[in-house]
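Engineer: If you scroll down you'll find the structure; I have some questions about it.
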Amino acid sequence: MAGSPQKTVTKHLSDPSKPLRPILTSLNGDNSWLMSFPRPEGDRAATGQLDAILLGFFYSDHLHPETLKTFPPEIPVIVTAPGAAIIEPWNHFKTIKIINNFDHSATAWNSPDLHPGDPVPSWFTPLMILGESELNFVFAIIWSHTVNGEEVHEAILDSPHGVQLDAKPLEAFLASEPKTKKLAMLYGLKESHTGGIQTCYGAKGGLGPHRKVGGVEHWVSTHSSELKYTGILMRLVWTTDTPRTIEWALKKKKKEHPDEELSGPPNLIKMPNGGSTVLTC
C-alpha cells in the first residue's frame, strides 16, 4: 500500500527488529522514481549515503537537459550507452557510467564486464535487457545483500512499455546465474498505439511476463498516465492511449483461454505522485 513518504519511512524504521528494505517513491506520478536501497553496514560506516542518477532510457523526454543540470555535477550518472552519447557533450556531470546490455548468449548476470564499475557498488547491478524494438525493453536492477549469512539477489524489473515474451535476452537473463528473486515489476497498465502499431502492451501484456518470471512480490504500476496528444505530428502518426486495469486483463485472458488455469490477481500497487511504498518480500 502506497502512502506519504514520511509516514511510510517512519513506519518502516520504527521496528528495529525488521530488516531494512528498498523504498520506492514516485517523483512525477509516471515513470520517475526515487529508489532507496539499504547499504551494507560496513559501507554505511565508511562512506555514508551514496547518491546517483539512474537513467534507463535515452529518448529526449527522459533526458531533459534543463532538469538534469539542476543536479550537482558531482553526482554520478548511470546511463545507457545511447544516453551517455547525449549527456557527455553537455560537459556537466563529472562521472558517467554505462548500463550494459545483457546479451542473449550471456549466462551470468554478475560477470565483471557487465557491471558499470566504480563508484557503483558491487551490490548494485543495473542491466539493460533489450526487446525487439527500442521501446519494449526490461531495465533490470539487482540488489545483492546477505540474509542469515547467505547472499541473496533480488531483482526489480522495469518495463514501462512492456516486452515481448520471446525476447531472447529476457529468456537468457531469467536462466542466468546466480538466481535472482523477482522482487518487483514496474509495468504499465495502459495500452498505446502509434500508426496502428501497439507500442505499450498494458495490463494484459503484463500478465505474460508476470507469469514467465515466476510471479513478483509487487507489481508497481508505472507510465500509466493517460496522455492527450496534440499537434500536427502526433495527429498524423495517430498516437492514442487506452486505459486498462488488471481486472479487465484477467477477464480478457479467461475469455480467450477458458481452459487455462490463471493464478490470482497480482499484488498491484498504484503510486500517487509523491507516494512511497516499501518493497517487502
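Engineer: So if the hydrodynamic radius of the chain is defined as the Kirkwood radius over C-alpha pairs, what does Stokes-Einstein give as its diffusion coefficient at 20 °C and 1.002 mPa s, in µm² per second?
Structural biologist: Here the translational diffusion coefficient equals 107 µm²/s.
Engineer: Continuing with the same structure: Considering every pair of different Cα atoms, what Kirkwood radius, in Å, is found for the range 97-182?
Structural biologist: Answer for the range 97-182: a Kirkwood hydrodynamic radius of 13.2 Å.
Engineer: Helix-only estimate, please: 222 nm mean residue ellipticity of the chain, summing -39500 (n - 2.57) across DSSP H runs of length 4 or more and dividing by its residues, to the nearest 500.
Structural biologist: -6000 deg cm²/dmol
Engineer: Residues with amide H under 5 Å of Ser32's amide H, sequence separation 5 or more or different chain, H placed in the peptide plane at 1.01 Å from N; which?
Structural biologist: The list, which skips near neighbours in sequence, is Leu27.
Engineer: Jot down the radius of gyration and Dmax of the range 235-281, Cα atoms only, both in angstrom.
Structural biologist: 16.0, 46
Engineer: Further question: Report the longest stretch of the chain that contains none of the GluC sites (Glu not before Pro) sitting in a DSSP loop with at most 13 other Cβ atoms within 10 Å.
Structural biologist: After excluding every exposed loop site, the longest remaining stretch is 135-225.
Engineer: When a footprinting reagent is the concern and you count Cβ atoms within 10 Å, what order do Ser111, Ser60, Ser17, Ser26 take, fewest first? Could the numbers behind the result be given before it?
Structural biologist: Details: Ser111 13, Ser60 8, Ser17 4, Ser26 23.
Going from sparsest to densest Cβ surroundings: Ser17, Ser60, Ser111, Ser26.
Engineer: So, one more: Taking the alpha-carbon distance from Lys182 and a cut-off under 18 Å, which lysines remain once sequence neighbours fewer than 8 residues away in the same chain are dropped?
Structural biologist: Lys212
Engineer: For the chain, modelled as a Gaussian network with Cα springs under 10 Å, which listed residue fluctuates most, Ile156, Ile197, Ile141?
Structural biologist: Ranking Ile156, Ile197, Ile141 by mean-square fluctuation puts Ile197 first.
Engineer: Any chance you could list P(r) for the range 9-84, counting all Cα-Cα pairs in 5 angstrom bins from zero, rounded to whole %?
Structural biologist: 3, 11, 17, 23, 18, 12, 10, 4, 1
Engineer: For Cα pairs less than 8 Å apart in space and 6+ apart in sequence, what is the mean separation divided by the residue count of the chain, i.e. the relative contact order in percent?
Structural biologist: 20
Engineer: Just to be sure I understand: with springs between alpha-carbon atoms less than 10 Å apart, which residue in Leu68, Leu13, Leu233 has the highest mean-square fluctuation in the Gaussian network model of the chain?
Structural biologist: Among Leu68, Leu13, Leu233, the largest mean-square fluctuation in the Gaussian network model of the chain belongs to Leu233.
Engineer: When Thr107, Thr180, Thr245 are ordered from fewest to most other Cβ atoms inside 10 Å of their Cβ, what list results?
Structural biologist: If I rank by nearby Cβ atoms, fewest first, I get Thr107, Thr245, Thr180.
Engineer: Are there any chymotrypsin sites (Phe, Trp or Tyr not before Pro) in the range 50-97 that are in a DSSP loop and have at most 12 other Cβ atoms within 10 Å? List them by number.
Structural biologist: The qualifying sites are Tyr59.
Engineer: Between Asn273 and Glu247, how many nm apart are label points set 7 Å from Cα along the C-beta direction?
Structural biologist: The answer from the label model is 2.6 nm.
Engineer: Under 5 Å between amide H atoms, partner at least 5 residues away or on a different chain: which partners does Asp158 have, H built in plane at 1.01 Å?
Structural biologist: Sorted by chain and number, the residues that satisfy this are Phe139, Ala140, Ile141, Leu186.
Engineer: Give the aspartates and glutamates whose C-alpha is closer than 18 Å to that of Lys7, dropping any in the same chain fewer than 8 places away, or say none.
Structural biologist: Asp15
Engineer: Quick check on the range 1-135: what does the Kirkwood estimate of hydrodynamic radius come out to from the alpha carbon pairs, in Å? Don't jump to the answer; show the numbers that get you there.
Structural biologist: Values: mean 1/r = 0.0588 Å⁻¹.
Computed over the range 1-135, the radius equals 17.0 Å.
Values in this text are rule-based calculations from the coordinates and carry no lab data. Please read all numbers here as calculations on a predicted model, not as lab measurements. With ideal geometry, Cβ positions are generated from the backbone for all residues, glycine too; neighbour counts draw on all protein chains shown.
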